[in-house]
């Protein structure tokens, strides 16, 4: 590769990195100052964040209050099931798990009851952490995980179908772009 090609490649990489950093900073600037302070101090309220996300979704979909009474619960169900399939990974998963807490961060109510899929994931992790686990045991845990995942996928497909029944074509297209629907 020529020297000019290397310089061009590095220039493009630096430009993309600068754009990415700029976008991240602009998104941070859009976040209300009080919310940023609360997150830094550890007083982040995931329930409030989830509510704001749902309100923003309602606004972006152009749903009326009457429409939202039917759409809101179905959208929440799709988000919750999608989060389960991701294993709680990503911001969406974090908000779903944190916002479902009951009571204060301390105490026995702090963590909600794990779903069947979460239980299967944990059992497989535990089996894999055990260096002396029998292949048969690992295979059983793997099969249980796949079955639990399949069940959630089926529930998600049903929830998505129920949501589609209420959407306009524009709303459906928007949710497809957001990755909420296929």
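The values are calculated or read from the model by the stated rules, or taken from the named source; none is laboratory data. Computed from a prediction, not measured in an experiment: that's the story for all the values here. Note: ideal-geometry Cβ built from the backbone for every residue, glycine included; neighbour counts use all protein chains shown.
If you take the residues of region 167-177 that are free of Cβ contacts under 8 Å to residues at least 40 places away in the same chain and surrounded by fewer than 11 Cβ atoms within 10 Å (Cβ to Cβ), which of them is farthest from residue 68 (Cα to Cα)?
Only one residue tops the list, namely 177.
Is it the case, given these coordinates, that residue 144 is over 19 Å from the mean Cα position of the chain (by Cα), more than 30 Å from residue 72 (Cβ to Cβ) and surrounded by 11 or more Cβ atoms within 10 Å (Cβ to Cβ)?
So residue 144 passes the test.
Can you work out which of the residues in region 151-166 that are in contact (Cβ under 8 Å) with a residue 60 or more places away in the chain, farther than 30 Å from residue 124 by Cβ and part of a helix (DSSP H, G or I) is nearest to the chain's Cα centre (by Cα)?
163
Being at pLDDT 85 or above and within 23 Å of residue 60 (Cα to Cα) is true for just one of 124, 142, 163, 117. Which residue is that?
Every option except 163 fails the conditions.
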